[in-house]
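Here the structure comes first, spelled out in structure tokens, and everything after it is commentary.
The values are calculated or read from the model by the stated rules, or taken from the named source; none is laboratory data. Just so we're clear, the structure is a prediction, and the values are computed from it rather than from any experiment. Glycine also receives a Cβ, built like all others from the backbone with ideal geometry; neighbour counts cover every protein chain displayed. Keep in mind that these areas ignore ligands, DNA and RNA; they rest on the heavy atoms of the full protein, side chains included. Shrake-Rupley method; radii C 1.70, N 1.55, O 1.52, S 1.80 Å.
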Amino acid sequence: METQRKKMETDGVKKVRGILVIKPRFIYRPLYGTIIIDPITHTKYILQKVIGACENHFIYKARYYTVDGPANKSLLPSGYATVKFIRPTQEVCQSQEVEASIPNSNIIHVSNWHIRNFKEGFLVAMPYMSEGSLRYILATRFKNGLPEDCIAIALKQALLGLSDLHNSGRVHQRFSVGNIYVNFIPRPISNVEIRLGFAVTIYKSDLEPYIFFGEGKLPDGQPEQKYLPRHDLQSNSDLSAPPEVFYKKYDDNLNPVKSPLFKDYDEVHTVKSDIWLVGIAALELAYGNLRISNRKEFEALIKKIKRSKRLPDKLEDLIEEIHVVKGKGKMKKAVGYFNDKLKVVKGKRSKKFSEEFEELVLDCLSSKESKRPTVKDLLERPFFQNAKALKWFQRRVLYAKDPIIADV
């Protein structure tokens, strides 16, 4: 008998005949050790630990056991899987269509559907990605970004999946470093997989920094300090959305558009919108977690990068410059002084990024959709053609010593 813990949360409040009625919502958060048996294959799954979340449901690492032949009913340990609760939405149809049309791809597909059914949805089993997402790796190991040669390896693998998706006439809509997952297979021969999540196979890896900070007391009893709240791209994807998508949803004052202009991402998000998100993913891999205050700051950041036609060694310098330029009066003198100092510092620095990588980012972040390259164009560039093998990613990223403080 499965031990199931159901947590009820507020899904919405409705007024019925003048009375507020709270509609409860089912949240899937069972205890460790819960056993799930696939009714069709009789595969046995034992939930071991939480590895992420999606819409408040926990995502689990599970050990699974398969039946040893039709005659023998014994179960053999066969490996690990990711178990996820999903609701019957449009994403289910999208995943099933992609799975049927491009089964052999760098896109993560569901391994087994409906391993257990609930009134509100059902459980699926997916391939277990042991290292989590690239965003999780950035948050826990490489807070200042990955080495450029490893960015080329990781992005190339994700673009191979995106290429298959575009060639099938579909768009991703949610391409990001949080939706690119890494798996390390140590035995019998060590191997690394980097694959792109799509639709139902997307989830937040455990400990991803999706909480934003505002005014208030800081950790470890530090005194209160006023500063701009920072939002990372996982907590609010609208901040970095392609301009053709963002301004169908919001007006110039960043207020939600209350008109039928914005109906669905499907109608405004194109393959070229996916390319914009590739550029954002490249920036995040280069600098670590991107924290920005609002859309205007984000757009100012992109404009400054385009004007200089190169990427700064540290993104904080550019963000600080944006904040200082907003000042008036005495601040104008400070701006001049700051800019002079910035030029001196930049002149002394060695260039951190290659021209190939800078061109890749700038082309992907073109404000005009028509000027953005296709996935095919990107993969044919020397930056990806000369990318090293996955073994190099294993050595530089997964086996790195003190990666957070390493000079990469």
Open item on the list: Once each part is reduced to its C-alpha centroid, what is the distance from the stretch 278-311 to the stretch 96-157 in angstrom?
Closed with: 25
Open item on the list: Between Ile189 and Lys368, what is 0.36 nm times their sequence separation minus the Cα-Cα distance? Round to one decimal in nm.
Closed with: 59.9 nm
Task: Amide H within-cut-off set for Phe118, under 5 Å, with H built and near neighbours excluded - done: Leu123
TODO: Return, ordered by residue number, the residues of the stretch 274-318 whose backbone nitrogen is under 16 Å from a label point located 7 Å along Cα→Cβ of Glu359.
DONE: 309-311
Task: Label-point separation, Asn386 to Leu75 (7 Å along Cα→Cβ), nm - done: 5.2
Open item on the list: Tell me the net charge near Asp38. Cut-off is 11 Å between Cβ atoms, Asp38 excluded, with +1 for each Lys or Arg and -1 for each Asp or Glu.
Closed with: +2
TODO: At 0.36 nm per residue, minus the direct Cα-Cα distance, what do Gln94 and Cys54 gain on full extension? Give it in nm, one decimal, please.
DONE: 12.7 nm
- [ ] Report, by chain and number, residues whose modeled amide H sits under 5 Å from the one on Ile59, excluding near sequence neighbours (fewer than 5 apart, same chain).
- [x] Ile51, Gly52, Ala53, Cys54
- [ ] Evaluate Rg over Rh across the stretch 45-129, taking Cα atoms for both radii and Kirkwood's formula for Rh.
- [x] 0.99
- [ ] Starting from the amide H of Glu131, placed 1.01 Å from N in the peptide plane, find each other amide H under 5 Å away whose residue is 5 or more places distant or on another chain.
- [x] Val182, Asn183, Phe184
- [ ] Give me the percent of the accessible area of the stretch 25-108 that comes from carbon and sulfur atoms, probe 1.4 Å, all protein chains in place.
- [x] 55
Task: For the stretch 83-168, Kirkwood radius (reciprocal of mean inverse C-alpha pair distance, Å) - done: 15.0
